[in-house]
Amino acid sequence: MDKQRANNFMLKLVGDVSTALAGALLLVGDRTGLFKAMAGAGPLTPAALADRASVAERYAEEWLAVMAGAGYVEHDADSGSFTLPDEHAQFLADPESEYYLGGLFQGLPAMAAAVPQLAEAFKSGGGVRFADFGSDLPQALGAMNRTVYESRLVKGWLPSMPEVVAKLAAGGRAVDVGCGMGVVPMTLARGFPEAQVLGIDLDPRSIDLARARSASVDWGDRLTFQVMAVENLPTAPGWDLITSFDVVHDLPDPLGALVHLRSALSKGGTYLMVEPKVADDLADNLANPFARMLYGMSCLHCVPQSLSLGGPGLGACWGEKRARDLARRAGFGHFERLDIRSPALAFYALRA
């Protein structure tokens, strides 16, 4: 027994618990406006932060200690003050910013709450249904990427496929598969006022949220949402753009879904499949913070909800090699990894 190695591992475990607890309290800070109150304010005492954020001073004091210990804020011992650096604030303070990462934490309570069911699933080989993760999960999943999609989908990502932009601008048809709370369909409809846009999802709660979010705008009949399985998507008259964002690895039948999506494309249509940007092999992912995060989310949510539907449980970190193989088996003759810069997402353009 190497006592030093054992001691180092014990300290790592304690540190990991500290990080997990800090993550929970980061979510509290996000919901109570503490990060927003600290952004651009310079050094603040607990009393000053409590006043700015309208929270109790004792809670502000303890929360700041946690945030300082985690390295999220900086502490000056001489003045007893705390500062949220601008470099940190850009990821924590503004939920409407495309750089906001607070949404990543919003799904943690729902995922963690499913641990008892997941432990049973480990033993039985079964899964955990999407609905069993709770009614808050659709909104939490939407919050993880909403601002990025709204900021970059139309202005930054789709221009890499000019033929798609031209078709949608001329009144083409687009459908987003697994649309969740409707972020992608609404962004497409907003960016292409002449296009017909549909969002589909298996989860009724998600479709209700999408319809509620879209109700504040008069879209006419050019934006609709439906509870629908991929295999039931109408194939006529064909879709000029089909999109799916972080969806294929969750499906009960990924191959069957891609076969159907290929048949649903119009002549010259494009299927934009967006999946996590990871390496093909575990060894190459272990040093990647995004991949390590995705493995955790995948084990807690992606794999069990796929298995609950009788699916293969591909997992979020399935990589480009398997994506290419799946597309080939589905009959797609064209598979292109688009040259789009993203630390977390890989963009694949598929055509019949």
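Read the figures in this text as sums done on the coordinates, not as results from a lab. Treat the numbers as computed from the prediction; the structure is a model and nothing was measured. Quick reminder, even Gly has a Cβ in these numbers, built from the backbone with ideal geometry, and neighbours come from all protein chains shown.
Nearest-5 percent of antiparallel DSSP beta bridges in the chain?
Looking only at bridges with both residues in the chain, the antiparallel portion is about 40 percent.
Relative to the present Cα-Cα distance, how much length would full extension add between Leu309 and Glu194 at 0.36 nm per residue of separation?
Gain on stretching Leu309 to Glu194: 37.8 nm.
Over the alpha-carbon set of region 3-93, divide Rg by the Kirkwood Rh and report the Rg/Rh ratio to two decimals.
Values: Rg = 14.4 Å, Rh = 13.7 Å.
Using Cα coordinates only, the ratio equals 1.05.
Please give the Cα centre distance for region 216-285 versus region 44-84, rounded to the nearest Å.
45 Å
Considering only DSSP states other than H, G, I, E and B, which GluC sites (Glu not before Pro) in region 75-168 qualify as loop sites with at most 13 other Cβ atoms within 10 Å?
Glu96
Taking amide H atoms as placed 1.01 Å from N in the peptide plane, list the residues 5 or more away in sequence, or in a different chain, whose amide H sits under 5 Å from that of Leu338.
Phe347, Tyr348, Ala349
For Ala70 and Ser151, what does the FRET efficiency come to when R0 = 35 Å and r is the distance between their Cβ atoms, rounded to the nearest 0.05?
According to the calculation, E is roughly 0.80.
What nm value, rounded to one decimal, do you get for the distance between Lys3 and Asp132 when each label is placed 7 Å out toward the C-beta?
With each label placed 7 Å out from Cα toward Cβ, I get 4.6 nm.
What ranking of His75, His334, His249, His260 emerges when the number of other C-beta atoms within 10 Å of each C-beta is taken as an exposure proxy, fewest first?
Details: His75 15, His334 11, His249 25, His260 18.
By the 10 Å Cβ count, ascending: His334, His75, His260, His249.
In degrees, nearest 10, range 0 to 90: what is the angle between the Cα axis of helix 115-124 and the longest Cα principal axis of the chain?
50 degrees
Could you work out the relative contact order of region 3-93, using alpha carbon pairs under 8 angstrom and six or more residues apart, expressed as a whole percent?
Values: 92 pairs, mean separation 28.1, N = 91.
Normalised by residue count, the contact order of region 3-93 is 31 percent.
What's the exposure ranking of Met1, Met293, Met38, going from fewest to most Cβ atoms within 10 Å? Don't skip to the end; give the middle numbers.
Values: Met1 4, Met293 14, Met38 28.
Arranged by neighbour count, lowest to highest, Met1, Met293, Met38 become Met1, Met293, Met38.
With 10 angstrom as the radius, rank Ser124, Ser18, Ser298, Ser308 by how many other C-beta atoms surround their C-beta, starting from the fewest.
Values: Ser124 9, Ser18 13, Ser298 23, Ser308 19.
If I rank by nearby Cβ atoms, fewest first, I get Ser124, Ser18, Ser308, Ser298.
Classify the chain as rounded, prolate or oblate, taking a ≥ b ≥ c as the square roots of the eigenvalues of its Cα gyration tensor: rounded when a/c is under 1.5, otherwise prolate if a/b is larger than b/c and oblate if not.
prolate
Could you tell me the number of lysine pairs in the chain with C-alpha atoms less than 25 Å from each other, where the two lysines are 8 or more residues apart or belong to different chains?
Taking the Cα cut-off of 25 Å, the pair count is 6.
Could you run the Karplus curve 6.51 cos²θ - 1.76 cosθ + 1.60 with θ = phi - 60° over region 257-270 and give me ³J(HN,Hα) per residue in whole Hz, x for Gly and Pro?
Those phi angles translate into 5, 5, 4, 5, 4, 4, 6, 8, 6, 6, 4, x, x, 10 Hz.
Measure nothing but the geometry: give the 0 to 90° angle between the long axis through the Cα atoms of 319-329 and the longest principal axis through the Cα atoms of the chain, rounded to 10°.
Roughly 20 degrees between the two axes.
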